[in-house]
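Trainee: One structure, pasted below without further comment.
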Amino acid sequence: MNISFYEVGDQEAKFLNDALVGHRNYFYPEKLSEESLVETDTEILSVFVGSINKKKVLEKLPNLKYIAVR
């Protein structure tokens, strides 16, 4: 699966990457927005509460199956 994590620090990214072997993991330090959206093949999106505030962002993720809020 393609998993995108937003608002992630280096240590958290390393931990998650080691734990989620076999998936394509993408890590971004910034908050999710239209401008920061890079990986549009994302199937799982992991963000902090309040990161998703625009319908336009979600519309750009046609393969999205799950949103995990941290």
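Trainee: Would you mention how many residues in segment 1-15 are closer than 19 Å to L64 by Cα and open to solvent by less than 40 Å² (accessible area, probe 1.4 Å)?
Mentor: Residues that pass the stated criteria total 5.
Trainee: Hey, another quick one. Counting only residues that are over 16 Å from N2 (Cβ atoms) and among the hydrophobic types (A, V, I, L, M, F, W, C), which one in segment 20-56 is least open to solvent (accessible area, probe 1.4 Å)?
Mentor: Ranking the qualifying residues of segment 20-56, first place goes to I52.
Trainee: Here's something else I'd like to know. For E12, which of the numbered conditions (1) assigned to a helix (DSSP H, G or I); (2) in contact with a His (Cβ under 7 Å, 6 or more places away or on another chain); (3) of a type outside the set (K, R) fails to hold?
Mentor: (2)
Trainee: Let me ask another. If we scan segment 47-58, do we find a residue that is in contact (Cβ under 8 Å) with a residue 12 or more places away in the chain, in a loop (DSSP other than H, G, I, E, B) and over 11 Å from the mean Cα position of the chain (by Cα)?
Mentor: yes
The values are calculated or read from the model by the stated rules, or taken from the named source; none is laboratory data. Keep in mind that what you see is a predicted model, and the values were worked out from it rather than measured. Methodologically, a virtual Cβ is constructed for each residue, glycine included, from the backbone with ideal geometry; neighbour enumeration extends over all protein chains shown. Heads up: the accessible areas ignore ligands, DNA and RNA and are worked out on the full protein's heavy atoms, side chains in. Shrake-Rupley method; radii C 1.70, N 1.55, O 1.52, S 1.80 Å.
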